[in-house]
Amino acid sequence: MSTVLYDSPIFGPIISRRMGTSLGVNLNPSGRKVCSFDCIYCECGFNVKSPLTAAPEHHIPTRTEVAVALEFTLQNMLSEGKNLDVITFAGNGEPTLHLDFLGVIEDTVRLRNQYFPKANIAVLTNGTRVHVPRVFQALCKVDKPCVKIDSLDMDIVRALDRPVDADYSVKRVVDSLVGNKMSQLVVQSMFCQWMENGVWKNNYSAENVEKWVETIKTLQPKAVQVYTISRETPCQEMLKAPADVLNAIADMVRGMVSDVSVSM
């Protein structure tokens, strides 16, 4: 199994298949993944069970450290005439777990406005903390709050996304987004196949997609991103969703969402 871990707090820029030229912000340690999901398709690998230590590679960057590193990188990119489409909070796990996530976002908005005012700010989140007021407030400040919804079936969610919190409910995430409108909401959905107890499973059955479409209709997001695996996964027995399946799923919501994209 080959996994990818990103430097903290800034990495890239990289070319993202969905975002363009993206400068990454990793609010988790550089030496291990820290996430409230443990997805079987995560390029960062599986969660580590042992606690964080005082080792440098386990250090969680502070708000000040993030701001200083981000400003330094933006200054260099500007002086070198480089392009920047988006500053993306992603990296080695769930960014909204950071204790000062709102403050970090406020700093990032200020620095973006100063150095690359045309660039977007995106957050890739699994949605496990959208019900927390300060997290929701922070997500409402960015251009692309991208919330993962791979399935509405909790059996599939537990097999594919593997939430760490036993009380996690995808319905709570959806209800939070319905009850507190996020005008820039982007829904990201990974469709794929995996082996479970010797049987191939997927999250794009007619029943699963029907529930997903109804959820998109209810949420009325600004954009929907439909995609499948593109990198090596920690679970070896996984396959892409076929291109015709992804396009068919996307077509089902094109009439209700103006911006629908498909990535293979």
**Request:** For residues that are among the aliphatic types (A, V, I, L, M), in a strand (DSSP E or B) and over 25 Å from Lys171 (Cβ atoms), tally how many sit in the range 191-234.
**Result:** 2
**Item:** the range 110-128: number of residues that are among the basic types (Lys, Arg) and surrounded by fewer than 21 Cβ atoms within 10 Å (Cβ to Cβ)
**Value:** 2
**Message:** What's the number of the only condition in (1) of a type in the set (S, T, N, Q); (2) open to solvent by less than 70 Å² (accessible area, probe 1.4 Å); (3) out of contact with any helix residue (DSSP H, G or I) (no Cβ under 7 Å at 6 or more places or on another chain) that Asn83 fails to meet?
**Reply:** (2)
**Prompt:** Out of all the residues in the range 87-108, is one or more among the aromatic types (Phe, Trp, Tyr) and open to solvent by 20 Å² or more (accessible area, probe 1.4 Å)?
**Reply:** no
**Message:** Exactly one of these conditions fails for Leu139: (1) surrounded by 14 or more Cβ atoms within 10 Å (Cβ to Cβ); (2) within 19 Å of Cys42 (Cβ to Cβ). Give me its number.
**Reply:** (2)
**Message:** Any residue that is modelled with pLDDT under 95, under 21 Å from the mean Cα position of the chain (by Cα) and farther than 25 Å from Lys144 by Cα - is there at least one of those in the range 241-264?
**Reply:** no
**Message:** Name the single residue that is most open to solvent (accessible area, probe 1.4 Å) among those in the range 147-186 being among the hydroxyl-bearing types (Ser, Thr, Tyr) and farther than 13 Å from Trp212 by Cβ.
**Reply:** Ser183
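The values are calculated or read from the model by the stated rules, or taken from the named source; none is laboratory data. Being a predicted model, the structure only gives us computed values, none of them experimental. Methodologically, a virtual Cβ is constructed for each residue, glycine included, from the backbone with ideal geometry; neighbour enumeration extends over all protein chains shown. The accessibility values were calculated without ligands, DNA or RNA, using every heavy atom of the protein model including side chains. Shrake-Rupley method; radii C 1.70, N 1.55, O 1.52, S 1.80 Å.
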